[in-house]
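Visitor: The structure is given below, and queries will be raised subsequently.
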Amino acid sequence: PSHLSPERLVRIALTCLRTTPKLKKCTPESFLGSLFTLAQMGLEPVAGRAYLLPFNNNRKSMVNGKEEWRTIPEVQAVIGYKGLIELFYRHELAVSIDMQTVHKKDEFDYQYGTDSYLRHKPAIGERGEPIGYYAIAQIKNGGKSFRFMSKFDAMEHGKRHSKTFDKKTNTFYPDSPWTKESDAMCMKTVLIQLAKVLPLSIELQKAILVDETSRDYKQG
């Protein structure tokens with residue numbers, strides 16, 4: 001995209017390296033590949049739109065003439081929910097999208113099916129801890145769709161699909177947005193589920209496809 005000049009990409013890269021020093025230990029190919037993947041969609045890894053994150057990837061490589069498994073630090077591109085919302089509005093049929101967090105003391109009820117509905121009245125004052133998240137989208141033909149996920153289901157989804165989840169310690173990496181911004185990542189998870197029933201822009205389709213992936217580099 002025209003707003004992402006080479007000079008701006010360099011500044012973004014340097015900012016990411018400064019704010020997340022572990023990226024310096026990752027392979028240059030995975031770092032640049034993930035940066036360019038985000039750039040192709042017009043997303044910058046700032047302000048919760050997207051992230052460049054380090055993780056340990058197990059790969060086979062030749063060591064002294066023998067093929068062995070080695071742990072290699074690589075970079076993955078992670079799309080934030082703000083980035084997905086930005087891409088949603090690029091579709092010609094997009095009208096509006098609303099995302100909310102449901103807290104323990106809120107009045108909340110929903111139902112799927114032929115008589116689907118969602119009712120949410122936030123509590124006044126102390127609302128308690130977050131227990132769920134929902135997203136509602138409206139498109140130009142007047143249709144509305146929504147999806148709800150409990151916090152437990154959203155976090156379990158992250159554990160199954162995020163490469164920043166360490167199965168040995170049963171925790172997310174300290175630099176993972178699932179650790180630092182778990183509510184935002186749960187929001188993103190709900191939005192991806194909703195996106196499956198919406199008309200999607202080409203950019204949004206690509207974003208969902210490459211989310212939480214690393215770019216492979218093959219010699220030659």
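The values are calculated or read from the model by the stated rules, or taken from the named source; none is laboratory data. All of these numbers come straight from a predicted model, not from anything done at the bench. Here the Cβ is made from the backbone with ideal geometry for all residues, glycine too, and neighbour counts use every protein chain on show. With ligands, DNA and RNA removed, areas are computed over all heavy atoms of the protein, side chains included. Shrake-Rupley method; radii C 1.70, N 1.55, O 1.52, S 1.80 Å.
Visitor: Where in the chain is the longest stretch that carries no trypsin sites (Lys or Arg not before Pro) classed as loop by DSSP and with at most 12 other Cβ atoms within 10 Å?
Guide: On the way: sites that count: K140, K167, K168, K196, K218.
Maximal segment without exposed cleavage sites: 1-139.
Visitor: Determine the relative contact order of segment 18-74: mean sequence separation of Cα pairs under 8 Å and six or more apart, normalised by residue count, in whole percent.
Guide: RCO, segment 18-74: 35 percent.
Visitor: Could you work out the longest stretch of the chain that avoids the GluC sites (Glu not before Pro) located in DSSP loops with at most 14 other Cβ atoms within 10 Å?
Guide: Result, exposed sites excluded: 127-220.
Visitor: Using the Cα centre of segment 1-84 as the reference point, and only Cβ charges (+1 on K/R, -1 on D/E), how large is the resulting charge dipole? Debye, rounded to the nearest 20.
Guide: Value, rounded to 20: 220 debye.
Visitor: Which value, in Å² rounded to 10, gives the accessible area of D183 with a 1.4 Å probe and all protein chains present?
Guide: 60 Å²
Visitor: Where the accessible area of the chain is counted over protein heavy atoms with a 1.4 Å probe, how much of it, in %, is carbon and sulfur? Intermediate values should be presented prior to the final figure.
Guide: Numbers: 6590 of 12820 Å².
Carbon with sulfur: 51 percent of the solvent-accessible area.
Visitor: Related question: Could you size up the charge dipole of segment 90-183 around its Cα centre, putting +1 on the beta carbon of Lys and Arg and -1 on that of Asp and Glu, and report it in debye to the nearest 20?
Guide: Charge dipole of segment 90-183: 260 debye, to the nearest 20.
Visitor: Let me ask you something else. What list of ³J(HN,Hα) values in whole Hz, one per residue of segment 174-180 in order, does the Karplus curve 6.51 cos²θ - 1.76 cosθ + 1.60 (θ = phi - 60°) give from phi, with Gly and Pro shown as x?
Guide: Whole-Hz 3J(HN,Hα) from phi for segment 174-180: x, 7, 6, x, 5, 8, 7.
Visitor: Tell me the label only: which of (1) 16.0, 48; (2) 19.4, 67; (3) 18.7, 58 is Rg and Dmax of the Cα atoms in Å as calculated from this structure?
Guide: Entry (2).
Visitor: Divide by every residue of the chain the summed helix terms, -39500 (n - 2.57) for each DSSP H run of at least 4, and state the resulting mean residue ellipticity at 222 nm, rounded to the nearest 500 deg cm²/dmol. Intermediate values should be presented prior to the final figure.
Guide: Working: 7 runs with 73 residues, N = 220.
Here the helix-only value at 222 nm equals -10000 deg cm²/dmol.
Visitor: Something else about it: Going by alpha carbons, how many degrees (0 to 90, nearest 10) lie between the helix axis of 151-161 and the longest principal axis of the chain?
Guide: With rounding to tens, the tilt is 30 degrees.
Visitor: Rounding to the nearest 20 debye, state how big the charge dipole of the chain is about its Cα centre with +1 on each Lys and Arg Cβ and -1 on each Asp and Glu Cβ.
Guide: Roughly 520 debye, rounded to the nearest 20.
Visitor: Taking springs between alpha-carbon atoms closer than 10 angstrom, which of L14, L43, L53 fluctuates most in the Gaussian network model of the chain?
Guide: L14
Visitor: Rounded to the nearest 0.05, what FRET efficiency do E68 and L32 have when you use their Cβ-Cβ distance and R0 = 22 Å?
Guide: Given R0 = 22 Å and the Cβ-Cβ separation, E is 0.25.
Visitor: Same structure again: To test your reading of the geometry: what angle, between 0 and 90 degrees and rounded to tens, separates the Cα axis of helix 182-195 from the longest principal axis of the chain?
Guide: 70 degrees
Visitor: Taking all protein chains together and a probe of 1.4 Å, list W178, W69 from the most accessible to the least accessible.
Guide: Sorted by accessible area, descending: W69, W178.
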